[in-house]
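J.: Would you mind keeping the following structure in view while I ask a few things?
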Amino acid sequence: MYQKILIVLEGRGTDEAVLTHARALAAQMGAQVTLLRIIAVADGGGGGLGKQFQLEVGSSGWRRKSEAEGYLSELEWRLRQMGLPVETALVIGTRSEGEEIVTYAAENGQDLIVMASDSRPWYKRLLHSAQDDDVLRRAAVPTLFVNDGSREAPAKRTVPEANPLMAVLGSAEL
């Protein structure tokens, strides 16, 4: 069913949950895995000068790029040791991370995108773009959102809670 699985990495703890699910799925399907890391840089205008300044040696952008390359290399080695065919990709772009993910998936014939769901509250997601929202709206291929482990399932209620308003209207249950 899925022959090419794109695993989107953020370089955070959420990656382990995503890798666990995607690795099992890829092994079952006999699929090739692509590890993708996106680094969004601001477009400074002026013919790309902004990008050049942000990625010059010693800059924070250069350090992020170097860390991402090392991280991808380490994960590639781990997955190859498990017998999975793996490729890596580091995309440095000026568009939103979500747009870069969807574009990469389309251009490289990916069958499935696997990524962590964003556990930030809605107001933080509204103020700072959420890549999973962009992917959800724009992806032309199925997308698997993996819980990063930061959320717990609600506890199951054994007795219905009393609702004062409903009690007035004639029902003590919710």
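J.: At 7 Å along Cα-to-Cβ for each site, give me the label-to-label distance between residue 3 and residue 82 in nm.
T.: The two pseudo-label positions are separated by 2.3 nm.
J.: Return the long-range amide H neighbours of residue 144 (sequence gap of 5 or more, or a different chain), with a cut-off of under 5 Å between placed amide H atoms.
T.: When sequence neighbours closer than 5 places are left aside, the close amide H contacts are 113, 114, 115.
J.: Quick one: 3J(HN,Hα) in Hz for the range 63-70, Karplus 6.51/-1.76/1.60 with θ = phi - 60°, rounded, Gly and Pro as x.
T.: Along the range 63-70, the couplings run 5, 4, 5, 4, 5, 5, 4, x Hz.
J.: While we're on this one: Quick one: which residues, 5 or more positions from residue 94 or on another chain, have an amide H under 5 Å from its amide H? H modelled 1.01 Å from N in the peptide plane, none for Pro or chain starts.
T.: Result for residue 94 returns 41.
Values quoted throughout were computed directly from the atomic coordinates according to the rules given, and no laboratory measurement underlies them. Quantities reported herein were computed from a predicted structural model and do not represent experimental measurements. For neighbour counting, all protein chains shown are included, and Cβ atoms are generated from backbone atoms with ideal geometry for every residue, glycine included.
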